[in-house]
Amino acid sequence: MKKLFVPVAAITALMFAYAPIAIANAPYESTMRLVQKIFYFHFPAWMALTVSVTICTVASALYLFKGWAKADRIAVAAAEVTVIFGLFGLVSGSLWGRKAWGVWWQWDARLTMAFLLELIFFGYILVRNYGGPGAEKLAAAMGIFGGATAPFVYKSVDWWRTVHPKTSVMTTLGETSPEMWFVVWFCTFTILLFMGLLLAARIRLEEQRAALDELYLAAED
Amino acid sequence: MRFFRVALLVLKKDFAIELKSYEILSTTLFFAVSCVAIFSFAFVKDGQAPVDAAAGILWIAIAFSGTLALGRTFERERYGETLKALLLAPAPRPAIYLGKLLGIVTLLFATEIIVVPMVAFLFSAPFFERPLLLVALLGLGTVGYAAVGTLFAAMLVRARTRDVMLPILLYPITIPVIIAGVRGTSALLASPVDEPVAMLWIGLLSFFDVVFVTLSLWTFEPLMTE
């Protein structure tokens, strides 16, 4: 893990440097023109969130049922990363919505559920920080319930009539404009790498905290 | 069978304690009634209630008084240090959870019996046009809300900051249930009654109930183990 961090960080930095060029060179979308470019941030942010929510849920379940301390550290890192990318997604979506739909926010199914997911993981962090002893388990339950909400967020656009585009938008994009499709996935991959780096750094911090606690305990004995 | 017998025994125990003082029922009821009264002071002007407000207010009253009831039920267990004894009993843990859940659901139903007519009266809302649909909505919504609530309230017994933490944990997760309840109920208030929409939300509520109850039964055991 530690050895990989620097090379991966270098690759991510290069990809981040190239991303604006790729986005600028991608063809314009016919109706939204320039505004559509925000998609190259919006979609990757939610993809990163999907991955981090999954990690948090699985790690929470592992901690709860197996009692692995490492899983707990991964879960807390993933929850914080989830909140960050959720904010990314909500803000970019809101800016885009202002231009595409004419409103900053609308309480339709997808937006409501996405907002709720963000709220649940915010709650996770609050419980973690202010729950006192035993908060890890409470937070783990929160992570599992949050993970149960995530599929609703994803499928909500297909089940209800909402202003948000359906999940099939990516498949159609692959057929109609492979060039745009490629740029979207390039950005997604970049952001995913970035998320991985954040996660690794955050897990390391948590591990060092745990090690420090152990040292304190050892010194007291 | 033993599973349900244990659940019923837990329920019976909670009933026996509650029937001695009526403490939780009366405080929860009083809170729900004052909640509705405050909303009616705020929203009803010149005898005219705003359209659609009744459904939202009903569910807010249920959610708020539910939080209060959940907190008090487990505070009682903590005070007597009886939750530990309950968990030490040679009984399946999920059965204990189920018993607790049934107790809270019954308590909330008792509250709703008073609060629903009160909202109907103060906001002149035609709640009883389709009584079966209303019962289905209230029943499923209450079960979904209480399922998550019982799990978190039980876990929080040990936490120092339990009073603050319960709403923080409970509300974000149960908002889908509240939304479904509010939308379904306001479909009943529309004239003519919008039955397909109400049925849609009832279906969704049943789905949430299944997810929440399953998850709670599944996680109760590891969560309550120290």
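So here's what we get for this one:
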item	result
Residue check, A:Val83 of a type in the set (Val, Ile, Thr), touching a residue at least 12 places away in the same chain (Cβ under 8 Å), at negative phi and within 13 Å of chain B (Cβ to nearest Cβ)	yes
Failed item, numbered, when A:Val76 is tested on (1) assigned to a helix (DSSP H, G or I); (2) surrounded by fewer than 22 Cβ atoms within 10 Å (Cβ to Cβ); (3) in contact with a Lys or Arg (Cβ under 7 Å, 6 or more places away or on another chain)	(2)
Single condition A:Ser52 does not satisfy, out of (1) among the hydroxyl-bearing types (Ser, Thr, Tyr); (2) away from chain B (no Cβ under 12 Å); (3) surrounded by fewer than 24 Cβ atoms within 10 Å (Cβ to Cβ)	(3)
Residues of the stretch A:106-127 classified as more than 10 Å from chain B (Cβ to nearest Cβ) and more than 19 Å from the chain's Cα centre (by Cα), total	2
Flag if B:Ala159 is part of a helix (DSSP H, G or I), of a type in the set (Gly, Ala, Ser) and over 18 Å from the mean Cα position of the chain (by Cα)	no
Selection count where residues are of a type in the set (Asp, Glu) and within 12 Å of B:Val148 (Cα to Cα), scope the stretch B:166-223	1
Qualifying helices (runs of 4 or more DSSP H) (wholly inside the stretch A:131-221; at least 1 residues being polar (S, T, N, Q), touching a Phe, Trp or Tyr at 6+ places or on another chain (Cβ under 8 Å) and over 18 Å from A:Glu29 (Cβ atoms))	A:178-220
Count of residues meeting criterion [more than 21 Å from the chain's Cα centre (by Cα), among the hydrophobic types (A, V, I, L, M, F, W, C) and loosely packed, with under 15 Cβ neighbours inside 10 Å] in the stretch A:87-103	2
Residue within the stretch B:136-144 that is in a helix (DSSP H, G or I), at pLDDT 90 or above and either within 11 Å of chain A (Cβ to nearest Cβ) or surrounded by fewer than 21 Cβ atoms within 10 Å (Cβ to Cβ) (or both) present	yes
Output for the stretch B:1-30, where each listed residue is crowded, with 18+ Cβ neighbours inside 10 Å and of a type in the set (Gly, Ala, Ser)	B:Ala7
Residue check for B:Val33: outside any helix (DSSP H, G or I) and either surrounded by fewer than 17 Cβ atoms within 10 Å (Cβ to Cβ) or aromatic (Phe, Trp, Tyr) (or both)	no
Selection count, the stretch B:76-118, where residues are surrounded by 13 or more Cβ atoms within 10 Å (Cβ to Cβ), of a type outside the set (Val, Ile, Thr) and either at pLDDT 90 or above or in a helix (DSSP H, G or I) (or both)	23
Top-ranked residue of the stretch B:190-226 - restricted to ones that are away from chain A (no Cβ under 14 Å) and surrounded by 20 or more Cβ atoms within 10 Å (Cβ to Cβ), ranked as nearest to B:Ala159 (Cα to Cα)	B:Ile202
Complete set of residues in the stretch A:1-17 that are surrounded by 14 or more Cβ atoms within 10 Å (Cβ to Cβ) and either among the aromatic types (Phe, Trp, Tyr) or more than 12 Å from A:Leu197 (Cβ to Cβ) (or both)	A:Phe5, A:Phe16
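The values are calculated or read from the model by the stated rules, or taken from the named source; none is laboratory data. Worth saying up front: this structure is predicted, and the values here are computed from it rather than measured. In this analysis, Cβ positions are derived from the backbone assuming ideal geometry, glycine residues included, and neighbour counts consider all displayed protein chains.
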